[in-house]
Amino acid sequence: MGASQRCRSSIQPPSFGSVFFVRTLWLLLMVMTARACPRTCHCTDRNGMVVQCTSRNLEHIPSNLPKDTVVLLLSSNQIRHIPKGAFRDLHRLRELDLSHNVIESMEVGAFHGISEGLQTLDLSNNHLSSLPKDTFAKLHARVRLSHNPWHCECSLQEVLRELRLDPETVNEVSCYTSVQEEFVGQQVIQVLDSGINFCNFHHKTTDVAMFVAMFCWFSMVTAYIIYYIKHNQEDARRHMEYLKSLPSTSHISKDYDTASSVF
């Protein structure tokens, strides 16, 4: 038997058992990775992962959350900002608790990927004063917004119009500040139900600002025209005085005739 034949005979194709073992190991590794629990949290499997990250001094949303998370508890931490797509891989998420943090802002798309399946969202007891209009786009969850320093104006009204507020805490959503001082301290829902439209105040403010800007522009144009006219009048007056100061033509011609007769 030649050397090449002995070499080919020594290389055996992988058996079915070894291929099955490798594939099983790979699938097991994928499952373990998908269900890995963040080091700072506690996870419990209850037909889906319940991830408990309460009171862990977290400043950001954990990035390695199990993809089969159904309940995510992040209350009583130090989270300040919710970025776009913070929960995009948690397609099974039903309950999200972000209460008792120091959240000041959220980007549009913060709940992208979970908005249609989420059932409960708790944002109470944070530092939210305003939100972008489309923050909760397509969100069907019952939302808690109580005990935040809300600024009552047009954008907040537009956000609330798209939400399903939790009926148990809806009366705890109040105007901490407002475009109209008379509404400070009042419940937002009661103010809106009374017929107040903060967007009208916004439009009126914009109209007043435009009117003031136009008035200033018109005043500047008028002042420039008046200055231009007065400047031209002054130049004309000086020109006339200069012409008057010149010797007249008749006087020059008489002097010329006198000089001619002498010669």
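The values are calculated or read from the model by the stated rules, or taken from the named source; none is laboratory data. Since we're looking at a predicted model, the values are computed, not measured. FYI the Cβ positions are ideal-geometry reconstructions off the backbone, even for glycines, and counts take in every protein chain you see. Heads up: the accessible areas ignore ligands, DNA and RNA and are worked out on the full protein's heavy atoms, side chains in. Shrake-Rupley method; radii C 1.70, N 1.55, O 1.52, S 1.80 Å.
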Looking at V70, is it of a type in the set (A, V, I, L, M) and open to solvent by less than 10 Å² (accessible area, probe 1.4 Å)?
yes
Apart from one, (1) surrounded by fewer than 18 Cβ atoms within 10 Å (Cβ to Cβ); (2) assigned to a strand (DSSP E or B); (3) in contact with a Leu (Cβ under 8 Å, 6 or more places away or on another chain) all hold for H151; the odd one out is (3)
Meets criteria (under 30 Å from A36 (Cβ atoms), of a type outside the set (A, V, I, L, M, F, W, C) and open to solvent by 20 Å² or more (accessible area, probe 1.4 Å)) for R92:
yes
Of the residues L139, L96, only one is in a loop (DSSP other than H, G, I, E, B) and either over 20 Å from the mean Cα position of the chain (by Cα) or at pLDDT below 95 (or both); which?
L139
Total residues in region 109-148, condition closer than 16 Å to I61 by Cα and among the hydrophobic types (A, V, I, L, M, F, W, C)
5
Name the residues in region 121-145 that are farther than 20 Å from R161 by Cβ and surrounded by fewer than 16 Cβ atoms within 10 Å (Cβ to Cβ), would you?
H127
Can you tell me which of (1) open to solvent by 40 Å² or more (accessible area, probe 1.4 Å); (2) part of a strand (DSSP E or B) is the one C43 doesn't meet?
(1)
